[in-house]
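For reference, the structure discussed in these notes is given below.
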Amino acid sequence: VTSNPWRHVKRLQATVGHNHPFPPEVKRAILEDLKANDPGLYRFVLLVYLAWLRPREALQLQVRHIDLAGRRVHVPATISKNKKQDFVAMPPALYEALASAGLERLPADWYLFSPRGRAHTGPRSLLPGPRHADFTAANTRHRLYCKKHGAPPECALYSWKSTGVADAVEAGIHPARIKAHGRWADFDILMAYLKRIGKETASEFLEFSPA
């Protein structure tokens, strides 16, 4: 990155809320643990962290919504919080995780995350199946990893989205790309979100081309 795309954005005092981003070392530890030991929860977390889906949107995704050839996730209006259909690009790590799930061999109407497994909270749950898992089961299992790796109490399942957004800001990703990937309706909403997670915030773009 040769220049900072946020350089024309005014900064306001930030207020960090309940979607506090994970500390880098905790983020890495949890992701490595999930990848090695909990493939279902790993894919779920990556959809929130890298595709910036809301957890309840991710839980309602079906096999038909994963376009591996186009490397994108279809978010239909029926599951989107803003009630609008959209497509979200798959970053490489998310693509690899979904491509390894064998989705091409499964019924198109199966959900990516199902309450499979006797306890519904072990490694065999959150795998594809005919019913979608509920948020409580995913959240309960995720808390175990947070506790194991010393995540701050303000970090939760929803924190993966704010962690992904914060990483994008730190990497100097263009504001227009952040807005599009996060499916924000306008920049005021994006700026309010960034303020809540304690990152670059602004009242207006002084010199910005939404190309």
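At-a-glance table
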quantity: Gyration tensor (Cα) of region 40-99, equivalent ellipsoid semi-axes in angstrom; calculated: 17, 13, 10
quantity: With DNA, RNA and ligands ignored, accessible area of His174 (1.4 Å probe; Å², nearest 10); calculated: 70 Å²
quantity: Fully extended contour minus Cα-Cα distance, from Arg56 to Gln85, at 0.36 nm per residue; calculated: 8.9 nm
quantity: Under 19 Å from the Cα of Lys148 - lysines, other chains or at least 8 residues apart; calculated: Lys27, Lys35
quantity: Inter-site label distance for Glu25 and Phe135 at 7 Å from Cα along Cβ, in nm; calculated: 3.2 nm
quantity: Label-to-label distance, nm, for residues given as Ala176 and His74 (7 Å Cα→Cβ offset); calculated: 2.8 nm
quantity: All lysines inside 18 Å of Lys195 as judged from Cα atoms, apart from same-chain residues fewer than 8 positions distant; calculated: Lys10, Lys161, Lys179
quantity: Alpha carbon centroid spacing (whole Å) that separates region 130-197 from region 20-87; calculated: 10 Å
quantity: Heavy atoms of Lys179 accessible to a 1.4 Å probe, total area in Å² rounded to 10; calculated: 50 Å²
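The values are calculated or read from the model by the stated rules, or taken from the named source; none is laboratory data. Quick caveat: nothing in here was measured; it's all calculated off a predicted structure. For neighbour counting, all protein chains shown are included, and Cβ atoms are generated from backbone atoms with ideal geometry for every residue, glycine included. Note: areas computed on protein heavy atoms with side chains; ligands, DNA, RNA excluded. Shrake-Rupley method; radii C 1.70, N 1.55, O 1.52, S 1.80 Å.
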